[in-house]
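Input: a single structure, listed below in structure tokens.
The values are calculated or read from the model by the stated rules, or taken from the named source; none is laboratory data. These figures come from a predicted structure and were not determined experimentally. Every residue, glycine among them, receives a Cβ derived from its backbone with ideal geometry; neighbour counts consider all protein chains shown.
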Amino acid sequence: MKIGILVGMENTFPPALIEKINSMDAGVTAEYIKIGGVKMGEATEYRVIFDRISHEIPFYRSFLKNAVLNGTIVVNNPFWWSADDKFFGFSLATKLGLAVPKTILLPQKDYIKGVTDASLRNLEFPLDWQGIVEHIGMPAILKPHDGGGWRDVYKVDSLEELWRDYDQTGTLAMTLQEFIDFTDYVRCYCVGRKEVLIMPYDPKNRRYLPQESLAHYSPELIDRITRDTILINEALGYDLNTVEFAIKDGVPYAIDFTNPAPDADIWSVTEPYHYWIIEKMANLLVDYAKNGQPTAHYHRWYKWLNPEAASPIASRAGELAQELAAGVEQMAQKASDVLSEVIDQITEPIKPKRAARKPAEKETKAAPKAAKATKATKATKKS
């Protein structure tokens, strides 16, 4: 039984994870994946694939979807990962009751070649920039609606600065978000939607702080951060993610939480957090390899490919659908039989009788009167 690791530029986390899994003697081995041309509908040799890079390589993403279709467990689910974006996440978190800064989605500044004014007829123009700024307030954070790594993130203090930085964003769809003047900031690993590690973080200098920095946090604050982290990951369905909170007046505001391939490099997250994530991910991946349900189980098409796995309700629904289809077929057959009888009666040879022709002759004579009436009507209209 094998676990495949799909990686990008990382140099410390993937090899350490592979070494950890292979040292567990759990009947499961881990290795890097090698991918060439991918045949459609063909299964991979891996029970589990751990994805760290498909968000940057579309070929990998499509390969992973095909792997899911054929029974592989993929962490994180490539279908959900493809569907999510940060603005959707903000909206979802708000619906779930998390504290989220006020956020507005903005249209792109520029568009790919081929998009013309005619393609943008549904867009309001010009934007109500003043209304947008009044809603969000200043200062504010301008950042992509999707993406990560602190790329293309701007802090703006005025409408003029917003315009200036917005003009630099090209084809990126951006969000404008209320700036939380925080006193504390944390980034939380969440593994398997149940294991949470709260890591104090300094976003200004982009460095992790030791656990001792949490000493002044109240038990209630720790509990809320943990609860909110698990809740958003349960809702999004991610097996590995990081959630970031800006804390102001004792309230943790969820700032960023769609990071399905979070940083785990020893030189950035530091040793304690690096070894924690290795331990938890190794245990999760081995458990999934031995006991996990295929990722495909969560998708609608799974039951059509695996009828025996459908729930009793779904199975009964299928039976009812078959019964209904059979009933409709019977009704259609009866209707067809009745219609055939009617047609037979209508087309049965009838011997003509002289008396039967008189009404027809009257109708023929009456026709010109109708024609005259039509002419009279036309004349009336002309006058």
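Details
- Filter result for the condition that a residue is hydroxyl-bearing (Ser, Thr, Tyr) and crowded, with 21+ Cβ neighbours inside 10 Å, over SER82, SER54, SER91, SER23: SER54
- Test: residue in region 265-286 that is under 18 Å from GLU195 (Cα atoms), of a type in the set (Gly, Ala, Ser) and in contact with a strand residue (DSSP E or B) (Cβ under 8 Å, 6 or more places away or on another chain): no
- Test: PRO78 is in contact with a Lys or Arg (Cβ under 9 Å, 6 or more places away or on another chain), at negative phi and of a type outside the set (D, E, K, R): yes
- Restricted to region 57-78, and to residues there that are out of contact with any helix residue (DSSP H, G or I) (no Cβ under 8 Å at 6 or more places or on another chain) and hydroxyl-bearing (Ser, Thr, Tyr), the residue that is surrounded by the most Cβ atoms within 10 Å (Cβ to Cβ) is TYR60.
- The set of residues from region 264-295 being hydrophobic (A, V, I, L, M, F, W, C) and within 29 Å of the chain's Cα centre (by Cα) comprises ALA264, VAL269, TRP276, ILE277, ILE278, MET281, ALA282, LEU284, LEU285, VAL286, ALA289.
- Residue count for region 94-136, restricted to those that are small (Gly, Ala, Ser), modelled with pLDDT under 95 and either at positive phi or surrounded by 14 or more Cβ atoms within 10 Å (Cβ to Cβ) (or both): 1
- Any hit, region 160-172, residues being touching a residue at least 60 places away in the same chain (Cβ under 8 Å), surrounded by fewer than 13 Cβ atoms within 10 Å (Cβ to Cβ) and more than 18 Å from the chain's Cα centre (by Cα): yes
- All positions within region 36-51 that are among the hydrophobic types (A, V, I, L, M, F, W, C) and either more than 27 Å from the chain's Cα centre (by Cα) or exposed (fewer than 12 other Cβ atoms within 10 Å of the Cβ) (or both): MET40
- So LEU123, is it farther than 23 Å from ARG206 by Cα and part of a loop (DSSP other than H, G, I, E, B): yes
- Test: residue in region 178-188 that is modelled with pLDDT of 95 or more, in contact with a helix residue (DSSP H, G or I) (Cβ under 6 Å, 6 or more places away or on another chain) and under 18 Å from ASN241 (Cβ atoms): yes
- Wholly enclosed strands (runs of 3 or more DSSP E) of region 145-258 bearing at least 1 residues of a type in the set (Lys, Arg): 154-156, 184-191, 240-248
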